[in-house]
Amino acid sequence: MRQSFPGIIFIILVGSILPACSGEGAGPADGLGREALRDDEAGQAALTKQNFQKLVEDYKTSYVARGAHAKAHSCVRAYFDVHGDIQADYRYGVFSRPGKRYKSWVRFSNGHYDLKASQDYRDDARGLAVKLMEISGQPLERSDVDTATQDFLMTNSRVFFVKNMPDYNQFVANPEDFIGFFFPGWNPFNWRLKEFLAARKTLTPPPDSLLTPTYYSITPYKLGPHNIKFGAKPCVERAAEKPVVDENTDPDYLRKQLQAELSETGACFIFQAQKQQVERGMSLDDATGEWSEEDSPFMPLATITIPRQDFSSAEQLRFCENLSYAPWHALPEHRPLGQLNRLRRHAYPASSDYRHRQNQTRIPAALAYWRAGRGSITEKKP
Ligand code: HEM
């Protein structure tokens, strides 16, 4: 039977969308209400450790940087204040005491794994990682022996471009081969079309300022008995201050812009969470799909205040480079969920341990350094 040209396009699209939508290859069951362990998890974990060590080695410059989000714009001192009126239903882990204040480090980053290719004017994901210190309780993993922290990792995208462990390992093994990853061969049934569309949402043009986007966890976490995704949105919608440098040509304009803004006014984000609605098809495993805010609105839980400050000393940038954030630096009440998060349990220490070993550095004492530099911040509410 002869097919018309539009007919062929239709078949190709349906053929490539269907496997993507069905969660094929996502393991025994795409966990909606519960997590579904894969048979091959141990092998995938071993592979990810190898892949990340190779990645950081392949892209090292004068030193070995992170295997993802290699470029830091800065680490800034911040406060994380749990809202005094937080609903009883959300009072778990670090949120269990209304009004509690945590000293925190916030690291702003570009998502690229290659420092040399990480000019600020390129399309990329932007990261916001928050590290709460002096927490009560034992985290599932610690960044070093001195400091028990609760880390929250986010980027300015709602979705991720990989669905499952084997796909992530395939991507990291050869990260330059974008076309080969999304469109492996001529058979459209093998194309990763949903992932490709998610990648287009992940790699976005740079913002005018790092203080204007909303950031998302993308993957789910526990909040006591609930399954949630979290995020951080600017307290007030704000336009970036007048650009201080040319954002089209300066590879480091985001850091310069941030320094200009933080020396003037400080900044603030609302930390918020949305609960999983299983009946709305919100998956624990498939991070290429959004949890609709219409079906499950975000609830404000805390305020992240970044006081006016100077963060640009060489010493502080070095400190930032040596810090380690990870989703599994988390209290059991905030345990990461889903297969990508389980893979991350192995990826982050593999990258962090390797770079620290190669650079002959250690993870710095985050709390002591925060306190020592208190003078660099102006403790006025923004
Ligand atoms: C899907 C949601 C994800 C988000 C929101 C996210 C976010 C981030 C952020 C913000 C950082 C920078 C951390 C820092 O400032 O030190 C980072 C680093 C990193 N990410 Fe992710 N990431 C995600 C998925 C993944 C996955 C699936 C993997 C691998 C399985 C991965 C591997 C890494 C590694 C190895 C680092 C560097 C760790 C280090 O050397 O300290 N990420 N990520």
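Give the lysines whose C-alpha is closer than 20 Å to that of Lys275, dropping any in the same chain fewer than 8 places away, or say none.
Lys222, Lys229, Lys233
For a quick check: with amide H placed at 1.01 Å from N, whose amide H comes under 5 Å from Gly127's, ignoring anything fewer than 5 positions away on the same chain?
Correct list: Ser109, Asn110, Gly111.
Report the label-to-label distance for Ala88 and Glu290 in nanometres (one decimal), using points 7 Å from each Cα along the Cα→Cβ vector.
About 3.4 nm, to one decimal.
Treating only the Cβ of Lys, Arg, Asp and Glu as charged (+1, +1, -1, -1), what charge dipole size does the chain show about its Cα centre? Round to the nearest 20 debye.
760 debye
Membrane-span-like helices in the chain: DSSP H runs reaching 20 Å or more (Cα, own axis), mean Kyte hydropathy at least 1.0?
Result, helices passing both filters: 5-22.
Cα to Cα, under 20 Å, and not fewer than 8 places away if on the same chain: which aspartates and glutamates meet these conditions relative to Lys100?
Asp81, Asp85, Asp89, Glu134, Asp151, Glu333, Glu379
Compute a Gaussian network model of the chain, connecting alpha carbons closer than 10 Å, and tell me which residue from Val159, Val94, Val278 fluctuates the most.
Greatest mean-square fluctuation among the candidates belongs to Val278.
Counting pairs of alpha carbon atoms under 8 Å apart in space and at least six apart in sequence, what relative contact order in percent does the range 212-287 give?
For the range 212-287, the relative contact order is 37 percent.
At 0.36 nm per residue, and after removing the present C-alpha to C-alpha distance, how many nm does the segment from Thr378 to Ser96 gain when stretched out fully? Write down the numbers at each step before the final one.
Numbers: separation 282, 0.36 × 282 = 101.52 nm, distance 2.82 nm.
Working it through step by step, the gained length comes to 98.7 nm.
For a test of the definition: using alpha carbon positions, the gyration tensor, and the 1.5 limit on a/c, classify the range 136-248 as rounded, prolate or oblate.
oblate
For the chain, what is the mean residue ellipticity at 222 nm derived from helices alone (per DSSP H run of n ≥ 4: -39500 (n - 2.57); sum divided by total residues; nearest 500 deg cm²/dmol)?
Mean residue ellipticity, 222 nm, calculated: -9000 deg cm²/dmol.
For the chain, modelled as a Gaussian network with Cα springs under 10 Å, which listed residue fluctuates most, Arg192, Arg38, Arg335?
Result: Arg38 has the largest fluctuation of those listed.
I need to check one value: relative contact order of the chain, counting alpha carbon pairs closer than 8 Å and at least 6 residues apart, in percent.
RCO, the chain: 24 percent.
Taking the Cβ of each residue in Trp370, Trp186 as the centre, tally the other Cβ atoms inside 10 Å and list the residues starting with the fewest.
Ranked by crowding around the Cβ, least crowded first: Trp186, Trp370.
Name the most mobile residue of Asn51, Asn359, Asn164, meaning the one with the largest mean-square fluctuation, in a Gaussian network model of the chain with Cα contacts below 10 Å.
Of Asn51, Asn359, Asn164, the Gaussian network model singles out Asn359 as fluctuating most.
Within straight cross-link reach of Lys49, meaning Cα distance under 12 Å, which aspartates and glutamates are found once same-chain residues fewer than 8 apart are removed?
Result set, ordered by chain and number: Asp353.
Every number in this text was worked out from the coordinates using simple rules, so none of it is lab data. The structure displayed is predicted, hence computed values, not measured ones. Glycine gets a Cβ as well: all are built from the backbone with ideal geometry, and neighbour counts include every protein chain shown.
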